[in-house]
Amino acid sequence: MNMSEPTQFSATGLRGEMFRDEPMSRHVSWRAGGAAQRVYQPADLADLQHFLRQTPTDESLIAVGLGSNLLVRDGGFRGTVLLMVGALTELRMDGQYIYAQAGVPGAKLARFAASNNLCGGEFFVGIPGTVGGMLAMNAGCYGGETWQKVRRVQVLTRRGELMERTPQEYEIGYRHVKRIQDSGFMIRDGVRSAEGVTESCIPHPEACDEFFVGAWLKLETGDVEAARKEIKTLMEKRSASQPLQLPNAGSVFRNPPGSHAAKLIEECGLKGRRVGGAQVSEKHANFIVNVDKATATDIENLIEEVRAEVESKTGVQLHPEVRIIGERA
Ligand SMILES: Cc1cc2nc3c(=O)[nH]c(=O)nc-3n(C[C@H](O)[C@H](O)[C@H](O)COP(=O)(O)OP(=O)(O)OC[C@H]3O[C@@H](n4cnc5c(N)ncnc54)[C@H](O)[C@@H]3O)c2cc1C
């Protein structure tokens, strides 16, 4: 990975790498947006735990996987990004379960499952994110959803406590996961800022008090050859229907109940609509592609333009699935 100069943290007993003023365009699939004040890529889980124990509790923290559902505004993110990809990479069988750490990519998980004669995890191949991001989003496709397969998760609190939780401790829905707290109100990932809860996540303004670091998944034993074939078919389907040659973040909007965001956007004649270097894809109307050095502002303005136009023409309110954080330029 091509990153800015790392600062070693060996003086404090850390083994990971700290990058300052790191352009987040290097870490998000839109290849656009501002810088993070700090990016910490831990060496492993124990190192991340050690890092969090030393991090002031008022530091804004956000976990990032492959950045395939994320945009950091051009003014940047004031705080520390915890980079899980390339760091929390353990993937193994643990009895009848697959144990996968937060930084494991979906495609690797799907192939690992198939090679262990397990079925039902083929859909993970279509999600270009990590286990952590898939847990945070309840990512899914072709009828499968991440949390359908989860038996337990492993989390780290921002104070560095390692815990296990069950799905019953979360409210889980379509691209929606929130932890149900003892106090009765819910809190889940996103960003926690020094001033309290930041307004900067469009769909997700809740504070963050813990991060997913691993999960135990239960898949069924089955026909490995059929699973492999299915993985191949799903990948072909994807490249036929999605503009994968251009930087994008998958579906921009959630599907409204009983309808499809892509259909509404297309019916409103918005395919090809452009703001700066950002364009509504001609191939898939719910994708916004970076066609020519788009800024985060271009992308966010185009999201808003599409949302407003669909609402005024159809009366349907679209809600972004992508997460937007950071300061405006
Ligand atoms: C071409 C393309 C196709 C896509 N297709 C699909 C699809 O079919 N179905 C689907 O659901 N999604 C799809 N997506 C969107 C995206 O891949 C998923 O939302 C994925 O789960 C995001 O994972 P990530 O690791 O990239 O998360 P990131 O984008 O890095 O982060 C997304 C959110 O998750 C949070 N997060 C990340 N890691 C953690 C963690 N360890 N603990 C707590 N919070 C965390 C972040 O803070 C952020 O709020 C697609 C994206 C692309 C680019």
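The values are calculated or read from the model by the stated rules, or taken from the named source; none is laboratory data. From a predicted model like this one, the values you see are computed outputs, not experimental measurements. Positions of Cβ are generated from backbone atoms using ideal geometry, with glycine treated the same way; all protein chains shown enter the neighbour counts. Areas reflect the complete protein model, heavy atoms only, side chains present, ligands, DNA and RNA absent. Shrake-Rupley method; radii C 1.70, N 1.55, O 1.52, S 1.80 Å.
For segment 81-156 and segment 270-317, what is the separation of their Cα centres, given in Å? Their Cα centres are 30 Å away from one another.
Computed as a quarter of the hull surface, the mean projected area of the alpha carbon convex hull for the chain stands at 16.7 nm².
Between GLY65, GLY95, GLY121, the GNM of the chain built on Cα springs shorter than 10 angstrom shows GLY95 fluctuating the most.
This model, with +1 at the C-beta of Lys and Arg and -1 at the C-beta of Asp and Glu, gives segment 6-83 a dipole about its Cα centre of some 120 debye. Annotation: amide H of ALA35 within the under-5 Å range of MET24, GLY76, PHE77, sequence separation 5 or more or interchain, hydrogens built in the peptide plane.
The amide H of VAL104, built 1.01 Å from its N in the peptide plane, has VAL131, GLY132 as neighbours under 5 Å, considering only residues 5 or more places off or on other chains. Computing FRET efficiency as 1/(1 + (r/R0)^6) for THR221 and ARG26, where r is the C-beta to C-beta distance and R0 is 25 Å, gives about 0.05.
Think of it as helices only: each DSSP H run of n ≥ 4 in the chain is worth -39500 (n - 2.57), and spread over all residues that comes to -6500 deg cm²/dmol at 222 nm. Global size of segment 244-325: 11.5, 35 Å for Rg and Dmax (C-alpha atoms, Rg to one decimal, Dmax whole). The calculated FRET efficiency for the pair ASN301 and CYS119, based on their C-beta separation and a Förster distance of 30 Å, comes to about 0.10.
Computed over the chain, relative contact order equals 19 percent, with contacts defined as Cα pairs under 8 Å that lie 6+ residues apart. Pairs of C-alpha atoms in segment 54-112 farther apart than 17 Å represent 52 percent of all such pairs. Surface composition of the chain: carbon and sulfur make up 49 percent of the accessible area, probe 1.4 Å. Taking other residues whose beta carbon is less than 9 angstrom from the beta carbon of ALA87, and scoring Lys, Arg as +1 and Asp, Glu as -1, yields -2. With kT/(6 pi eta Rh) evaluated at 4 °C and eta = 1.567 mPa s, and Rh the Kirkwood radius from Cα pairs, segment 6-83 diffuses with a coefficient of 102 µm²/s according to Stokes-Einstein. Restricting attention to the chain, lysine pairs at least eight places apart or on different chains and with alpha-carbon atoms under 26 angstrom apart total 29. Loop-located GluC sites (Glu not before Pro) across segment 247-300 with a Cβ neighbour count of 14 or fewer within 10 Å are GLU282, with loop assigned by DSSP. Looking at the chain, the accessible area is 43 square angstrom per residue; that uses a 1.4 Å probe and ignores ligands, DNA and RNA. Label zone (THR314, point 7 Å along Cα-to-C-beta; backbone nitrogen cut-off 17 Å) within segment 245-275: 251-273.
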